[in-house]
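Only one structure is covered here, and it is reproduced in the block below.
Quick note: the coordinates plus some simple rules give every number you see, no bench work behind them. These numbers come from a predicted model, not from an experiment. All Cβ positions, even for glycine, are placed from backbone atoms using ideal geometry, and neighbour counts span all protein chains on display.
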C-alpha cells in the first residue's frame, strides 16, 4: 500500500523479453542474471521470482546480505556472491548453499582449512585490478589442494573493464583469461567472462566459455548506444499534486533561484525530490505530461520539485520523469553519468509497482 502519488513501474514482461533476447544471442550458453543492488533498483525478490518462471536456475548478487534476502524467498535457486565474503561468514555460505567468490590469497587459503563444504568460484584479475587473483602458480597449487577437500570449485571467472569499448585492454583481458585457463590443472563446470556488453557483442567468438553474466541489459539498458532489441523495464512516475500561478518576477522555491519569466506563469508541483533519488542536478531537465515535454524550474527539494507547464495541465495529471519519451539514457547523459546510477539511486521509499504489458 502506498499513499503519496509517486511510484516506479516495473514491467516484468519487458524483463522476461530481455532475458530471452540475450539468451538467444549466446546460443547454448547459460545466462546468469545479475540482481545485485536490489536488481539495480528494480526489486530483487520480484525480479528473481519472474526469472525463475523463465527457467533461471542461478542468479548473482554482490553482498551476503543480498543473498540471504533471496534465500529467505527461495530455498532452491543457486546464488553466486560476486563481492567479498569474509572468513567468519563461511558458516552462512555453507548453511545457505551459496556459491562464494575466491577473490584474494587470504580467502583462498582460509577455504582450504575450513572444515565444512563450500561452493566457490575463482575470480581472476586479468587487468581490471579490482578483485581477483593474478598469480598463476598460486592458482594451480590452490586448485590441486582444493581437490583433496570437501569443497567444490563451481566456476572460474574474470571481469572486463572496457567491454562496451572493446579496446586494447578488452582484448588483452580476453587473451590473458584464455591463456590462463590453458595452464590450470583442471577446469570447473562454469567459465564466465562476459558482462552485458560483451555478451551481446563478442560472446559468440568465445568458444571456451560456458556462461555469461547479464547485468544492466536485463533491465533494458546498455552502454552501447547502438544496441537494439532491449526493452526498458523501469519507468518513474508521479502526479501533479498542486498548481501555482506566478506573476512576472515572482520567486519560486528554496533560495529563490528561479523567478517567473512572464505574467500568469503556471507551475506544477510534483511530490518527488532528492530523497527519492531525483537529485538536485535534474533541475535542468524535462518531464513528460500528456505526451508533451515540460521543463523543470527552481531547486529540487527533498520531497518536491517544480515544472513550468501550460493551461492544458490539470491537478492529478500523471507525470513520467523517465521511461516514456524521456529515456533513462537521456537522463544519464544530462547528468554526465550512466544509466546504472539513475535506476539504482531511486530510493526505497518510492514504491515499485509490477505490471505486465497489455
Longest principal axis of the chain (C-alpha) makes with the long axis of helix 44-53 (C-alpha) an angle, in degrees to the nearest 10, of 60 degrees
Neighbour-count ranking for 349, 334 (other C-beta within 10 angstrom, fewest to most) reads 349, 334
Here the residues of segment 143-185 lying in the modelled label zone of residue 134, meaning backbone nitrogen under 17 Å from a point 7 Å along Cα-to-Cβ, are 157-162, 168-181
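Which whole-number percent gives the relative contact order of segment 52-183, counting Cα pairs below 8 Å spaced six or more residues apart?
18 percent
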Dividing the helical contributions, -39500 (n - 2.57) per DSSP H run of n ≥ 4, by the residues of the chain yields a 222 nm value, nearest 500 deg cm²/dmol, of -8000 deg cm²/dmol
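Given a Förster distance of 45 Å, report the FRET efficiency between residue 256 and residue 349 from their Cβ-Cβ distance, rounded to the nearest 0.05.
That pair, residue 256 with residue 349, gives E of 0.95.
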Segment 15-78: relative contact order from alpha carbon pairs under 8 Å, six or more residues apart, as a whole percent, is 32 percent
Expected unfolding gain across residue 279-residue 182 under the 0.36 nm per residue rule, minus the alpha-carbon gap, is 30.1 nm
Quick note on 208, 7, 142, ordering by fewest other C-beta atoms within 10 Å, gives 208, 7, 142
Longest principal axis of the chain (C-alpha) makes with the long axis of helix 64-73 (C-alpha) an angle, in degrees to the nearest 10, of 80 degrees
In degrees rounded to 10, the 0-90 angle between helix 12-25 Cα long axis and the longest Cα principal axis of the chain is 40 degrees
Relative contact order as a percentage, the chain, C-alpha pairs under 8 Å and 6+ apart, gives 19 percent
